Amino acid sequence: MQPKRIIAVHLLNDWSGSPLVFRQALEALQQASTDVLLFTATPLESGFLSNIDGITTTEIRYKWHPSKVLTLWYYLSVQLRLFVKFLFILRSTDQVYINTLLPFGAALAGWLRGCRVVYHVHEVSIKPWLLKAWLIAIADLTAQQVVFVSEYTRRQTALVRPVSRLIYNSLPESFTSRASQVYTPNMNDPFTALMLCSNKAYKGVYEFIETARQLPNIRFLLVLNESKTGFEGFMQRTNPSANCFVFPAQTDTLPFYQQAHVVLNLSHPDAWIETFGMTILEAMACGRPVIVPPVGGICELIEDGVEGFKINVFDSDALVATLQRLSSTMAIYLHMAEAARERAYHFSANTFRQQIMSVFNLSGEVDTLCEVVTTTTANWR
């Protein structure tokens with residue numbers, strides 16, 4: 001009898017959040033002595049899915065292009081190649097593990113070959129809307145089980161047929177072990193607010209700069225996921241106040257969490273809804289209270305007023321008042337800091353591993369942060 005295999009697919013191997021989480025999942029499956037074959041796109045050497053011990057990786061030819069027409073052509077071409085290739089290599093005993101909604105060619109081939117198809121859904125912001133509708137329809141047709149990273153993502157995707165499972169992302173143990181050594185910041189230092197994000201207006205970068213102007217007694221740190229050129233352009237456009245310090249992309253963000261008292265995410269709820277929020281979880285693991293938007297998956301990480309606050313970035317008065325309150329009332333601050341660190345423990349790598357293994361019927365346990373919802377009781381296939 002041939003051994004059962006997990007055939008994993010992710011299109012673009014880069015340093016973004018979804019391949020990071022996918023790598024953690026694949027490592028968990030490989031450690032369970034499962035034969036895992038990964039198909040992912042070039043460049044193989046420059047992303048989270050590179051060089052995973054014990055996993056056989058096959059390159060698929062796919063790339064992003066500034067031209068939307070060319071990007072669509074590349075995308076449809078790789079779907080056709082995946083579909084044809086998988087029709088020939090798949091066995092009915094294989095499980096096809098698809099990261100994001102995008103690799104629909106692999107899903108269709110797995111469905112036709114009678115394989116068990118599992119999706120891991122991270123995103124809901126797919127454009128154009130016709131493509132999003134198509135991808136959701138294919139997932140609804142082909143998947144037997146779908147993993148969602150937040151309840152918000154599950155609601156927005158609104159699949160009907162597959163079994164859906166909520167598994168929150170976790171932090172790598174390499175980060176949490178270091179975060180456990182981060183202690184409460186020195187109360188004699190200036191109260192410091194930190195935000196880490198991309199250089200996009202909808203991420204709230206300009207509101208962050210303006211808030212710093214209104215609170216000269218608080219120090220503000222902004223770490224932009226931006227090159228030196230883009231960083232310099234941002235500095236010229238915004239001319240931050242003397243209490244606001246801006247930094248380009250960093251390979252190690254832990255020293256910034258160490259300096260911070262509170263960590264912010266100011267994404268605009270009308271333009272960019274966060275489906276999870278890894279930097280917020282990192283902050284909580286370091287024992288830092290957080291301020292997050294009131295909508296999206298990110299607000300599922302905290303209870304308002306316990307580990308932090310849920311504030312709309314457009315309510316500048318509430319944002320300023322909250323920062324003033326945290327900076328002036330140490331008893332409240334310290335209580336929230338401890339609650340944040342305790343909450344982060346629930347998103348451990350070990351819990352994530354157990355949940356992922358249970359999805360693929362391997363040894364693992366489902367705890368309170370892994371909810372299973374059966375949307376059909378019949379084997380509709």
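The values are calculated or read from the model by the stated rules, or taken from the named source; none is laboratory data. What you see is a predicted model, and the numbers here were worked out from it, not measured in a lab. Neighbour counts run over all protein chains shown; Cβ positions are idealised from the backbone, glycine included. Please note that ligands, DNA and RNA were not included when accessible areas were found on the heavy atoms of the full protein model with its side chains. Shrake-Rupley method; radii C 1.70, N 1.55, O 1.52, S 1.80 Å.
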Restricting to the range 194-206, give me the number of residues that are in a strand (DSSP E or B), surrounded by 19 or more Cβ atoms within 10 Å (Cβ to Cβ) and within 16 Å of the chain's Cα centre (by Cα). 2
What number of residues within the range 328-364 are of a type in the set (S, T, Y), out of contact with any Ser or Thr (no Cβ under 7 Å at 6 or more places or on another chain) and open to solvent by less than 40 Å² (accessible area, probe 1.4 Å)? 2
Scope the range 268-285; condition surrounded by fewer than 22 Cβ atoms within 10 Å (Cβ to Cβ), part of a loop (DSSP other than H, G, I, E, B) and under 15 Å from the mean Cα position of the chain (by Cα); matching residues: W272, I273
Number of the exception - L215 against (1) under 29 Å from H122 (Cα atoms); (2) surrounded by fewer than 22 Cβ atoms within 10 Å (Cβ to Cβ): (1)
Could you grab the pairs with beta carbons closer than 7 Å, sequence gap of 6+ or different chains, first residue in the range 114-129 and free of Cβ contacts under 8 Å to residues at least 24 places away in the same chain, second one part of a loop (DSSP other than H, G, I, E, B)? G114/S92
Which numbered condition trips up D252, out of (1) assigned to a helix (DSSP H, G or I); (2) surrounded by fewer than 23 Cβ atoms within 10 Å (Cβ to Cβ)? (1)
Within the group Y74, Y62, which residue is open to solvent by 20 Å² or more (accessible area, probe 1.4 Å) and part of a helix (DSSP H, G or I)? Y74
Looking at (1) open to solvent by 60 Å² or more (accessible area, probe 1.4 Å); (2) within 30 Å of I273 (Cβ to Cβ); (3) part of a loop (DSSP other than H, G, I, E, B), which is the only condition D53 fails? (2)
Within the range 305-341, can you find the residues that are assigned to a helix (DSSP H, G or I), under 25 Å from the mean Cα position of the chain (by Cα) and hydrophobic (A, V, I, L, M, F, W, C)? L319, M336, A337, A339, A340
Return the pairs, sorted by first residue and then second, in which the second residue is open to solvent by 10 Å² or more (accessible area, probe 1.4 Å) and small (G, A, S), the first residue lies in the range 94-105 and is on the phi < 0 side of the Ramachandran plot and in contact (Cβ under 8 Å) with a residue 40 or more places away in the chain, the beta carbons are less than 8 Å apart, and the residues are 6+ apart or on different chains. N99/S18
Tell me which residues, restricted to the range 92-128, are open to solvent by 10 Å² or more (accessible area, probe 1.4 Å), at pLDDT 95 or above and of a type in the set (D, E, K, R). R113, R116
I'm checking my understanding of the structure. Among residues of the range 317-327 that are crowded, with 18+ Cβ neighbours inside 10 Å and closer than 14 Å to P190 by Cα, which one is modelled with the highest pLDDT? L323
